[in-house]
1. Please specify each residue of region 165-189 satisfying the condition of being within 15 Å of the ligand (Cβ to nearest atom), open to solvent by less than 50 Å² (accessible area, probe 1.4 Å) and closer than 20 Å to residue 59 by Cβ.
2. Quick one: residue 365 ticks every box in (1) part of a strand (DSSP E or B); (2) in contact with a Gly (Cβ under 9 Å, 6 or more places away or on another chain); (3) not aliphatic (A, V, I, L, M) bar one, so which box is it?
3. Could you list, in sequence order, all residues of region 593-610 that are open to solvent by 20 Å² or more (accessible area, probe 1.4 Å) and either more than 22 Å from the chain's Cα centre (by Cα) or of a type outside the set (A, V, I, L, M) (or both)?
4. So, in region 16-39, how many residues would count as being open to solvent by 10 Å² or more (accessible area, probe 1.4 Å) and either farther than 25 Å from residue 152 by Cβ or more than 16 Å from the ligand (Cβ to nearest atom) (or both)?
5. Just the residues that are open to solvent by 20 Å² or more (accessible area, probe 1.4 Å), of a type in the set (Gly, Ala, Ser) and under 20 Å from the mean Cα position of the chain (by Cα), please, taken from region 58-113.
6. Would you please list the contacts, defined by Cβ atoms under 6 Å and residues six or more apart or on different chains, that run from a residue in region 170-184 that is among the aromatic types (Phe, Trp, Tyr) and outside any loop (DSSP other than H, G, I, E, B) to a residue that is crowded, with 24+ Cβ neighbours inside 10 Å and at pLDDT 95 or above?
7. Which of the residues belonging to region 40-57 are open to solvent by 10 Å² or more (accessible area, probe 1.4 Å) and not in a helix (DSSP H, G or I)?
8. Given the residues 270, 276, 219, which is the only one that is part of a loop (DSSP other than H, G, I, E, B), out of contact with any Gly (no Cβ under 8 Å at 6 or more places or on another chain) and at pLDDT 90 or above?
Amino acid sequence: MSEISEKYKVLSKVDYPADLRKLNLDELQQLCGEIRHLIIETVEKTGGHIAPSLGAVELAVSLHYVLNTPEDKLIWDVGHQAYAHKIITGRKNKFHTLRQHKGISGFLKPDESEYDTFGAGHASTSISAAAGFAVARELKGGDYRIVTVIGDGSLTGGLAYEGINNIYRIKKQFLIVLNDNEMSISRNVGLMSYYLTKIRVNPSYIKFRNEVWNTLGKLPRGSNLLRLLGRKIDESIKNFFVPGLLFEELGLKYYGPIDGHDLEQLITTLNKVKDLPFPALLHVVTKKGKGLSDAEEDPTKFHGIGPIKVDPNTKEKNGISFSKVFGKVACEVGEKYPDTVFITAAMCEGTGLSEFARKFPDRFFDVGIAEGHAVTFAAGLAMDGMKPIVAIYSTFLQRSYDQLIHDVALQNLPVVFAMDRAGIVGEDGPTHHGAFDISYLNVIPNMIISAPKDGNELRNLVLTALNQKGNPFAIRYPRGKTPVFDEDMEPKFLEIGKWEVLREGEKVAILAVGVMADVAEKACDQLSNEGINPGLVYVRFIKPFDEKILKSVLEKYDVVITVEENALKGGFGVHIVKFAEDLGIDTKIVNLGIPDKFVEQGPRNLLLKEIGLSSENIARKIKELLG
Ligand SMILES: Cc1ncc(C[n+]2csc(CCOP(=O)(O)OP(=O)(O)O)c2C)c(N)n1
């Protein structure tokens, strides 16, 4: 399906926002239904963030209807809820390529469209970015509108507050639309979420508020009286009915809450607030998964889904993912060690911790999208004798770099970092690949960095990490299935820094980091059929590394190949080159890893092949090197 077919009667007439601005309310309503249909039909095949995007259809349509995009700057947070926005901004005919290799991104990408005003994929950036646009507008003398859309989950991120804290400088139009569906991926957490609930459920305030709005709506647009009255009446109502006035105290005029699926109300209200000459926040209440009953009932499961209609030929074999293994190990250590505490930054399900959370609610902390806090919070726990394990995806841990150095490593605290999704993640693309953690952790003193080759090793490493005395201890593992996991196997405590020789060979040896050991094994199998027998070492520890094995490998073999699913720059391989150089050993060393560019989206295996990290690539490289 490349052209939007006949069944999309209204959508077939809409390519860009200018087209939908010609529609009447009935047509707009029908358009929303058709967009929903297209999202469901597509995501069933491609996978993607279905529930967040279904919840924001009316929001996207009404915003593009009342604003003059792309001249007006519409900035979405994260971008995972912006599928409707994509469909009505020139991408409906490409929508079937969503998240596919060389297709359109599942997040925001200015390269893809001028309507994607600011790139995103990580949460909580929109307000700061919009503040930048506002200052640029001021300095350039522009008069366009600036509007951001941020979810209540993304509002748990510290960066959002840093943005809000600086908005007082903006003296002109600046609108934040808060898309409140009470959910992050799981149910939202924290006091802000509680505060929003209090506003939502205060019926007397809402009724009174609506009446005032109706009265004000009858005054001529832009009149001073409207502005003056609006401010005065608002303040007195809210002081009476709404405790806290948090947003107002932070310099944002608060409007709402309004129903984010009532198109008429959305359009009327947005028209009223879009030109207010001061920073304002419009609170919009939406239902995550709106229009798909399964998703409405279980928005967590439908936050992001894989393709439902999978081609049976490409369907993966059964097996267990590293995340699930980690979840099982978490429960095991939860029983064994009462001083363990698990922390997640809004990724309870993704990191496999749901079961632990149910079993040990007192020792489980979902801190919201607050990776920096998660790390310093863990440092505090460790300092006072607890054993914290922080489970954060490699890409999101980038948010906590200073905390890693200043709060954890400098004080040499035994915090364990479980870094899921290390390496190429696949369809989520460049905002989500965990391409840099070896590079960014390697330079930090005291840090132990490890990478399991399978589920058994993951379990051994978690237990080892919890039983060593000091030192922060990072364990990086990829998205997807582990090659093996034997639950009944006796766990082993590992010697820190120790590697394992998997094959003795001739001429060429592979040093394979973590799961790359499995890929390299396959390369060795392929080569042995041709009479080539490389040596193979499983690099379990990246830092400290096994100098004894490394030295013997450098001395025995003519060529050594390092293989890692991390950026080549600053990765494991360059440290091996440096080690050999320092010892004056001139063995040829070749580094394989992620090249110095942002890797695009696509199936993980395909991307690995493209960057030279498949077994075939490794085998070919070895043959090339051996001439
Ligand atoms: C820094 C960062 N941490 C974690 C995530 C993973 N993540 C993506 S969407 C999301 C929930 C966002 O909730 P909200 O903003 O309310 O949007 P909703 O999904 O509810 O529409 C999370 C935790 C992320 N994208 N960025």
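The values are calculated or read from the model by the stated rules, or taken from the named source; none is laboratory data. As the structure is a prediction and not an experimental result, all values here were calculated from the model. Quick reminder, even Gly has a Cβ in these numbers, built from the backbone with ideal geometry, and neighbours come from all protein chains shown. Please note that ligands, DNA and RNA were not included when accessible areas were found on the heavy atoms of the full protein model with its side chains. Shrake-Rupley method; radii C 1.70, N 1.55, O 1.52, S 1.80 Å.
1. 176, 177, 178, 179, 180, 181, 183, 184, 185, 188
2. Single failed check for residue 365: (2).
3. Passing the criteria: 595, 596, 597, 598, 600, 603, 604, 605, 609, 610.
4. Residues in region 16-39 being open to solvent by 10 Å² or more (accessible area, probe 1.4 Å) and either farther than 25 Å from residue 152 by Cβ or more than 16 Å from the ligand (Cβ to nearest atom) (or both): 15 in total.
5. 103
6. 174/146; 174/279
7. 49
8. 276
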